[in-house]
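Visitor: The structure under discussion is supplied below as structure tokens; questions concerning it will follow.
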Amino acid sequence: MDYFLKYFLFLCNLVFTVLGLVVLGLGMWGLISKESFAQEKIGNIGTDPMLILVTLGFVLTTLCLSGCVGALRENCSLLKLFSAAVLVLITAQVLAAIMAYSLQDQVGGYLRSGMLAAMVRYQDDLDLRFITDEIQSNLQCCGADNYRDWELNIYYNCSAPGVLACGVPATCCVDPLENGTVWNSQCGLGAQLLDEFSAQSVIFLGGCLGGLSRWIEQHEGLIGTVGIVVLGVQILTLFITTRLLESIQWHKVYNMGIFPIKPQFCLCFHTNKT
């Protein structure tokens, strides 16, 4: 048995099993903290972004645990299941990369639709609010195309009855901190009523789609490198699993005493005695 392959595969899968449990725990914590299992919210749990973390964590934990136990116990069935799953995962990632490359001209449309949908549900979904706020504050932008996109939200629409009418979230503000210390959540009130010249000193006028596109262009090399490294690790894991399976099967044959019989030839010389 090649013990290096066995314990190397075991340790790698153990690390990713722990990582999967962490992701699963974060997803469950998010669902519980938002009371997504409450009777009035359980019907919308299928669209909860936290469900992505739960699914990813569960799949990663199950997959890596099978490889971990399979390597430690030298279980061929688990190792074959693990290698098949990794092969499917590699294939899916390659197909996804091909599709992303072929549909790169349509990525902008998908981003815009997603951004607008997040803005519509901004006040009702804590996850979408967090993501939208992070994008706007980090990229220093407001809305999808411009700050007036916030009129799509029923709370920020100018016809809304509340105090948020004709406003924008605080993450759109140029300086949301009063005196550099206190967060001013009302700095964007009435921003949609201002013309662009007056609004530019209060909020960011540009939309986030341009910022996202520029960020992707600036980091496409890093994104590609990370993708290649992740794919390479998976291919290496598949190779090691295959070698370990061959080693286990060879030792089983060896222990059973079954060896291929090599034909032996004997050259005999006959002499005639007179």
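Visitor: Considering region 71-86 alone, what residues qualify as being without any contact (Cβ under 8 Å) to a residue 24 or more places away in the chain, part of a helix (DSSP H, G or I) and in contact with a helix residue (DSSP H, G or I) (Cβ under 8 Å, 6 or more places away or on another chain)?
Guide: Initial filter on region 71-86 (without any contact (Cβ under 8 Å) to a residue 24 or more places away in the chain): 73, 75, 77-78, 81, 84-85.
Now narrow it down to the ones that are part of a helix (DSSP H, G or I): 73, 77-78, 81, 84-85.
Ser77, Leu78, Leu81, Ala85, listed by residue number.
Visitor: Quick test for you: out of Cys166, Cys187, pick the one residue that is of a type outside the set (Ser, Thr, Tyr), farther than 22 Å from Lys34 by Cβ, more than 21 Å from the chain's Cα centre (by Cα) and modelled with pLDDT of 90 or more.
Guide: On the way: Cys187 fails: modelled with pLDDT of 90 or more.
Going through Cys166, Cys187 in turn, the sole match is Cys166.
Visitor: Could you check region 54-78 and list, in sequence order, the residues that are more than 26 Å from the chain's Cα centre (by Cα) and over 13 Å from Leu9 (Cβ atoms)?
Guide: Answer for region 54-78, where residues must be more than 26 Å from the chain's Cα centre (by Cα) and over 13 Å from Leu9 (Cβ atoms): Cys76, Ser77.
Visitor: Check Leu205, Leu193 and return the single one that is open to solvent by 100 Å² or more (accessible area, probe 1.4 Å) and either under 32 Å from the mean Cα position of the chain (by Cα) or within 19 Å of Tyr156 (Cβ to Cβ) (or both). Steps first, answer last, please.
Guide: Details: Leu205 fails: open to solvent by 100 Å² or more (accessible area, probe 1.4 Å).
Checking each option against the conditions leaves just Leu193.
Visitor: Scan region 120-155 for residues that are charged (D, E, K, R), under 23 Å from Lys34 (Cβ atoms) and either part of a helix (DSSP H, G or I) or touching a strand residue (DSSP E or B) at 6+ places or on another chain (Cβ under 8 Å) (or both) and jot them down.
Guide: Kept after step one, since they are charged (D, E, K, R), are these residues of region 120-155: 121, 124-125, 127, 129, 133-134, 145, 148-149, 151.
Cutting the leftovers down to under 23 Å from Lys34 (Cβ atoms) gives us 121, 124-125, 127, 129, 133-134.
Those that are charged (D, E, K, R), under 23 Å from Lys34 (Cβ atoms) and either part of a helix (DSSP H, G or I) or touching a strand residue (DSSP E or B) at 6+ places or on another chain (Cβ under 8 Å) (or both): Asp127, Arg129, Asp133, Glu134.
Visitor: Is it the case that some residue within region 3-18 is more than 23 Å from Gly232 (Cβ to Cβ), modelled with pLDDT of 90 or more and part of a helix (DSSP H, G or I)? It would help to see each step written out before you state the result.
Guide: Pass one, region 3-18, residues more than 23 Å from Gly232 (Cβ to Cβ): 3.
Then drop every residue that is not modelled with pLDDT of 90 or more, which leaves none.
Scanning region 3-18 turns up no residue that is more than 23 Å from Gly232 (Cβ to Cβ), modelled with pLDDT of 90 or more and part of a helix (DSSP H, G or I).
Visitor: The conditions are (1) open to solvent by less than 60 Å² (accessible area, probe 1.4 Å); (2) within 24 Å of Gly224 (Cα to Cα); (3) touching a residue at least 40 places away in the same chain (Cβ under 8 Å), and Tyr122 fails exactly one of them. Which is it?
Guide: Only one criterion is unmet by Tyr122, namely (2).
The values are calculated or read from the model by the stated rules, or taken from the named source; none is laboratory data. Quick caveat: nothing in here was measured; it's all calculated off a predicted structure. Glycine gets a Cβ as well: all are built from the backbone with ideal geometry, and neighbour counts include every protein chain shown. Quick note on the areas: whole protein, heavy atoms, side chains included, nothing else; ligands and nucleic acids left out. Shrake-Rupley method; radii C 1.70, N 1.55, O 1.52, S 1.80 Å.
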